[in-house]
Amino acid sequence: MKVLVINAGSSSLKYQLYNMNDESVLASGRVERIGMDSSIVTHDAAGKPEVRSVSEILDHVTAVKRVIEMLVHPELGVLKRIDEIDAVGHRVVHGGEAFKESVLVTPEVKLEIRKLFDLAPLHNPAHMMGIAAVEANLPDVPQAVVFDTAFHQTMPETSYLYAIPKVLYRRHKIRRYGFHGTSHQYVSDKAARLLGQPLESLKMISAHIGNGASVTAILHGRSYDTSMGLTPLEGLMMGTRSGDLDPAIVPFAMAKEDLTMSEVSSMLNKHSGLMAISGSTSDMREIVEAMREGDKNAKLAFDMYTYRIRKYIGAYAAAMNGLDVIVFTAGVGENSVELREAVCSGLTFLGVELDRERNAERRKDPRIISTDNSRVRVLVVPTNEELLIARDTYRLVLQTKKPDDRSKEIIEKVE
Ligand SMILES: Nc1ncnc2c1ncn2[C@@H]1O[C@H](COP(=O)(O)OP(=O)(O)O)[C@@H](O)[C@H]1O
Ligand SMILES: CC(=O)OP(=O)(O)O
Ligand SMILES: [Mg+2]
């Protein structure tokens, strides 16, 4: 079975095509700057050089059409015919309380995702455009949705409720949901396997540090608490997002600076974080570079960013009354030697001992970077949200098949 995984953003669409018989990636790529004057398509088919093209792609329907054209292209493609795509899986950031696990797309599911537009205005509308674009281009292909929030649905009330009038929860479902769940789930499972210990026996903290960043306390394999909240704004300081702040700042700044609600929201989501403190960039590579050149603002941004990660790790170790494993993942967590060093150097009281040489190795596979004597094991595990999305989609679609077809598919997979 071949599964196409799509992560649709407001102006971009990333894709990966999997052969589920051996979970190999046949092709991957992205369409950027959708709706702008020059859109960029990058396509990378297994065994062929990556290609880049610039054209005008005004909407997501056209973007999906371009992706399909690339996949069946006589030279650059990997499929003979479009009907070789058996299923499509989508990343959906917000599933609210309605979705505790991945599901196949139905009219009811689409309605629920629409109801959550308010709670994830940057993400959910774009995902719906992705789903509609697939319907338009591949009308008979089953689709599944995999939610960032699903893994965190195991959190206890003590973690997910805010200490505000309960009517806000009852009427509007205002609570902590948490995000990046697919990633936290993937890396925690991978970490336990690498250590050769059952996930259920471990107290783990996973730090997904990318553009968006969140930390999760994973107690015996289940999400126990997580730093993002009702929306992906709470918690850590991020590239352009503020993370935690005193909520009184919002009305205060609105009054003093004469800001509207959408202006204050844009300030906190798009003009804060590393960008605001460094005054120049939200990209950690550039922050580290500028810091080396003696830029004081970049150093302050880096110090605040890493201090907050350390603070959350300390808090979650207390929340779980212990800690066995820390996992770093995502763009910054997987790649920044400096960040891991800065975070871990302040955690020796917990029994964290980083091995400097292991930490400095630039490898792409999951690995241990703590010393052999470290009481808490520290790991780097490259995340793979797309693979989990492909697996869930494959499983859900297989369940809908007639028993005979199902055994045929499973036999093919074993072979
Ligand atoms: N070698 C590196 N060192 C430090 N940071 C890096 C490195 N490579 C990538 N990054 C950071 O990773 C971030 C992107 O992370 P990623 O997980 O891909 O984000 P997203 O999926 O949310 O777009 C970039 O903003 C960049 O700062
Ligand atoms: C939920 C979220 O913050 O996602 P991303 O990191 O992709 O922006
Ligand atoms: Mg991401």
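We did not get these values from a lab; they are worked out from the coordinates using the rules stated. Keep in mind it's a predicted model, so treat the numbers as computed, not measured. In this analysis, Cβ positions are derived from the backbone assuming ideal geometry, glycine residues included, and neighbour counts consider all displayed protein chains.
Amide H contacts for residue 87 (H built 1.01 Å from N in the peptide plane; partners 5 or more residues away or on another chain; cut-off under 5 Å): 2, 4. Cβ-to-Cβ counts within 10 Å put 179, 117 in ascending order as 117, 179, the fewest first.
What shape does the stretch 251-407 take by its C-alpha gyration tensor, where a ≥ b ≥ c are the square roots of the eigenvalues and a/c under 1.5 counts as rounded, a/b above b/c as prolate, and the rest as oblate? Note, shape of the stretch 251-407 comes out oblate.
For the stretch 248-389, what's the relative contact order in percent, using C-alpha pairs closer than 8 Å and at least 6 residues apart?
Result for the stretch 248-389 is 17 percent.
Each of 65, 408 was scored by other Cβ atoms within 10 Å of its Cβ. Listed from fewest to most, they are 408, 65.
Around the Cα centre of the stretch 197-383, unit charges on the Cβ atoms of Lys, Arg, Asp and Glu (plus for the first two, minus for the last two) sum to a dipole of about 340 debye. For the residue pairs 14/408; 296/364; 110/402; 14/65, the C-alpha atoms sit more than 20 angstrom apart in 14/408; 296/364; 110/402. Using the Cα gyration tensor of the stretch 113-232, with a ≥ b ≥ c the square roots of its eigenvalues, what is the shape: rounded (a/c below 1.5), prolate (a/b larger than b/c) or oblate (neither)? Since a/c reaches 1.5 but b/c is at least a/b, the shape of the stretch 113-232 is classed as oblate.
Determine the shape class of the chain: with a ≥ b ≥ c the square roots of the Cα gyration tensor eigenvalues, call it rounded for a/c under 1.5, and otherwise prolate if a/b is greater than b/c, oblate otherwise. Rounded, since a/c falls under 1.5. Look at the alpha carbon pairs under 8 Å that are at least 6 residues apart: their mean separation over the length of the stretch 252-332 gives a relative contact order of 19 percent. Only Cα pairs under 8 Å and 6+ residues apart enter the sum, and on that basis the relative contact order of the chain stands at 14 percent. When you count the other C-beta atoms within 10 angstrom of each residue and take the mean per peptide, 242-250, 372-380, 126-134 line up highest first as 126-134, 372-380, 242-250.
Would you mind telling me the antiparallel percentage of the DSSP bridges in the chain, rounded to 5? Antiparallel: roughly 70 percent of the beta bridges in the chain.
When you count, for each residue, the other Cβ atoms within 10 Å and take the mean per peptide, how do 186-194, 224-232 rank with the highest first?
224-232, 186-194
Per-residue packing, averaged as other Cβ atoms within 10 Å, sorts the ranges 10-17, 90-97, 359-366 into the order 90-97, 10-17, 359-366, beginning with the highest.
The three principal axes of the C-alpha atoms in the stretch 107-166 carry coordinate ranges of 46, 21, 19 Å, sorted with the longest axis first. If you restrict to DSSP beta bridges whose two residues both lie in the stretch 197-383, what percentage is antiparallel, to the nearest 5? In the stretch 197-383, DSSP labels about 60 percent of beta bridges as antiparallel. Within the straight-line cut-off of under 14 Å between alpha carbons, the aspartates and glutamates reachable from residue 48 are 75, sequence neighbours fewer than 8 places apart in one chain being disregarded.
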